[in-house]
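One structure is given below, encoded as structure tokens.
Any read-out appearing in this document is the output of simple, stated calculations on the displayed coordinates, not a laboratory observation. Keep in mind it's a predicted model, so treat the numbers as computed, not measured. Ideal geometry is used to build each Cβ from the backbone, glycine not excepted, and the neighbour counts take in all protein chains shown.
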Number of protein chains: 2
Amino acid sequence: MATSTRPDPAALAEAVLAGDRRAAAQAISLIEDGYPGRAELVSRLYPRARSSYLVGITGPPGAGKSTLVDRLAGGDRRRGEQVGVVCVDPSSPFTGGALLGDRIRMEDLATDPGVFIRSMATRGSRGGLARAAGEAAVVLGASSPRVYLETVGVGQIELDVAETADTVVVVLVPESGDGIQTMKAGLMEIGDLFVVNKADRPGAEGMQVELESALRLRRDRSWQPPVLRTVASRDEGTGALAEALEGHRNWLAVRGEGERRRRRRARAYVKGLVYETLREHLWETAGLLERLEGRIEEIVEGRADPVAVADEIVAASGMVRVTEPGKGTSDA
Amino acid sequence: MATSTRPDPAALAEAVLAGDRRAAAQAISLIEDGYPGRAELVSRLYPRARSSYLVGITGPPGAGKSTLVDRLAGGDRRRGEQVGVVCVDPSSPFTGGALLGDRIRMEDLATDPGVFIRSMATRGSRGGLARAAGEAAVVLGASSPRVYLETVGVGQIELDVAETADTVVVVLVPESGDGIQTMKAGLMEIGDLFVVNKADRPGAEGMQVELESALRLRRDRSWQPPVLRTVASRDEGTGALAEALEGHRNWLAVRGEGERRRRRRARAYVKGLVYETLREHLWETAGLLERLEGRIEEIVEGRADPVAVADEIVAASGMVRVTEPGKGTSDA
């Protein structure tokens, strides 16, 4: 099976479910590359992945997220758990791959057969990265009861990715400005746990206090996110972080919030697939691309109005609108 | 006109074209808030804005972009030019506004009537920010021959925004790691000019050399992006940057590249409007949202397959596909 470039999705899914690491690696590569059997593959893995605990780790570059994940996964391994790790790494379209791939990441774990680590880069298609990362988490979740999804940076993609997790950990460092950048990036709302890493540096306690007071302003008061200090490089505070993760996981189960998040995740995933499919197929609609190209010159010369052209294209796409019910091609 | 909350778009456009600053401010606020007359307003301003020179300034937080824009705009003002500045500032959904609004930005220019400065935040709708920023640039471009579009950070939104500019300036600082972060964020491909700001700090020259050698690997060899060193806070190197901008602008004109970029910008703008409209109206299609909600529980419980549900919704949306030509509602 591993020799074919376009393997059968059913066979590939079976191999992934059986714990075949090479099959998992191949599945993720195929997902990244837009493999036609992707839909069937993900569908077959989804039911098993549902019960896996997905932890999102996000924060600015250089905050030490990889080291933290390394420590957390090390603890899981000592308890005998299988662990999956997905690192989302928006890289340059011109280098064509993940620069961090060259870096020695998570050296303690890379040789452990109970850990599966995978880096994902954009490869030029920025739009689909959040979806691809979510699907990679499904692949790993189908064979590991716990998956860490690490994102580099605080952009749109990271926020989308974090929203698919059961628990979101926001990692910061004591340096000035980080607190305000976090608030700007919207991370205060999405974090379930906050970590001030590299807490042996000056300002760590002040930052913790700053974060705690900012977090008291959150709209959702049902869960008060703890703020922890860690020095991941020396494995300090990481045990407390693991306990805080379990605390949040228990809260999710007891309060029914876990179910709510699973529904939200399923909804976001389906909606994303729908938008992606519409975008992909829109320009295949007979005459639509020609219609657009025919008007571009006029728009540039100021003879046509871009908004009117867009409306014209939407109308020509034939998408059913509320005012025109009953035009759906499938009503089953 | 300024008293009405929903002013007539034609009258508002006329006031903007006449150089009324309050009208421009109101127009941008309305665009941010999803004003129904937005389409007509933008359409009326677009022809005039076409000839404005749009400079995108991007790079990581804290690189000194605002100070650089301040210096560049100051030079433009000494030559008697009107200048518009849009600062895109992805802020927290829970603070509900631009934190940077509190900071005293561009103090030299804020009181100059020949300069119009506007900050934009996400206000919770992250998706539409790139479009809103582009439209704000249209509003300012309708009355100023030169507009600076500054983005904070290096995420998806920033890359989208930068793609709408005539010239893209990437601003970095000598601190370690920045070079690699830049490549990861895809900025090497989109930059037309690179600036190592705060170049009085150690490592500035090394970073310049590193960038120059990385830039020699770019796919597009027709323009070799210059790398400049500046200390914007002391106005050092900013004159050379202004000259480099003129150099790129001339290159755009001579090589026909400016036309190509205007077409690309118009195409991206129309496509973005089309996707946004489809997303907005999709769930208004009779029965579609109910269909989705009805399946979510089944997906969560592993009884339904998310990809199949997405396909089902796309089919039910009634969007015309290549295999079903002639179903467009408008063929004019």
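Extending 7 Å from Cα along the Cβ direction at B:Asp8 and again at B:Arg264 yields two label points whose distance is 4.0 nm. Listed by chain and number, the aspartates and glutamates whose C-alpha is less than 16 Å from the C-alpha of A:Lys198, apart from same-chain residues fewer than 8 away, are A:Asp70, A:Glu175, A:Asp178, A:Asp235, A:Glu236.
Computed extension gain for A:Glu284 through A:Arg79, at 0.36 nm per residue and net of the alpha carbon distance, reaches 68.6 nm. For region B:10-72, the calculated P(r), taken from all Cα-Cα distances in 10 Å bins from zero up to the bin holding the longest distance, is 19, 37, 30, 13 percent. Label sites at A:Ala18 and A:Ser213, each approximated as a point 7 angstrom past Cα along Cα to Cβ, lie 6.0 nm apart. Label sites at A:Asp235 and A:Glu301, each approximated as a point 7 angstrom past Cα along Cα to Cβ, lie 7.2 nm apart.
Over all other residues within a Cβ to Cβ distance under 14 Å of A:Pro226, the charged ones net out to 0, with Lys and Arg as +1 and Asp and Glu as -1.
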